[in-house]
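Some notes on the structure that comes next.
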Amino acid sequence: MPNERGRVFREAWIAGVTKHYPGEPKPGYITPWDETPDWERDAATAVYDQVFAFITTTNGATAQLTPEQKGRFVGLCWIGQIFKHFPDPKPSYVADWDDLPEWQKATDIDIFERIEQDA
């Protein structure tokens, strides 16, 4: 079910933000699934599916990736969705891995590892 896959992604994001964000996260960072905008639900489902496919088409060999490689994959898939949904996104929405804050890197790693549990 598409909603469930996207919901898993979103819940992993919220858990990561709650764990890694320094201080009080912006409300939009922890908006529950049912209040998340449609574009973001679609993007969450698409990225979940991309990560899941990456894991399964390698027969789980992605377990050998470093945490950084896992997080980079999630981040790059997300950037693709941002460009899909926004013709001229703010630069911060499509920042490369090296330019992301540490909390966001840690959250992307957690998301990959959560999806690994389903694969």
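Please give the net charge around GLY6, taking every other residue with its beta carbon less than 15 angstrom from that of GLY6, where Lys and Arg add +1 and Asp and Glu add -1.
Computed value for this residue: -3.
Which whole DSSP H helices in the chain pass both tests: a Cα extent of 30 Å or more along the axis and a mean Kyte-Doolittle value no lower than -0.5?
Passing helices, by number: none.
At 0.36 nm per residue, minus the direct Cα-Cα distance, what do ALA63 and ASP42 gain on full extension? Give it in nm, one decimal, please.
4.9 nm
Which of the lysines could a cross-linker bridge to LYS26, judged by Cα under 20 Å and excluding same-chain residues fewer than eight apart?
LYS90, LYS105
In the neighborhood of VAL51, defined by Cβ-to-Cβ distances under 13 Å, what is the net charge if each Lys or Arg adds +1 and each Asp or Glu adds -1?
Net charge around VAL51: -2.
Mind checking the full-extension length gain between ASP88 and GLU11? Use 0.36 nm per residue of separation minus the Cα-Cα distance, one decimal, nm.
25.0 nm
Distance in nm between label sites at ASP98 and TYR29, each 7 Å beyond Cα in the beta-carbon direction?
Each label point lies 7 Å from its Cα, and together they span 2.4 nm.
Counting only C-alpha contacts under 8 Å and six or more residues apart, can you give the relative contact order of region 2-118 as a whole percent?
Relative contact order here is 39 percent.
Of the candidates PRO32, PRO87, PRO67, which one comes out as most mobile in a Gaussian network treatment of the chain with C-alpha springs shorter than 10 Å?
Residue with maximal mean-square fluctuation among PRO32, PRO87, PRO67: PRO87.
Where Lys and Arg each count +1 and Asp and Glu each count -1, what net charge lies around ASP98 among other residues with Cβ under 14 Å from its Cβ?
Counting the neighbours of ASP98, the net charge comes to -3.
No value in this document is a laboratory result; all are computed from the given coordinates. Every value quoted in this text rests on a predicted model; they were computed, and no experiment measured them. With ideal geometry, Cβ positions are generated from the backbone for all residues, glycine too; neighbour counts draw on all protein chains shown.
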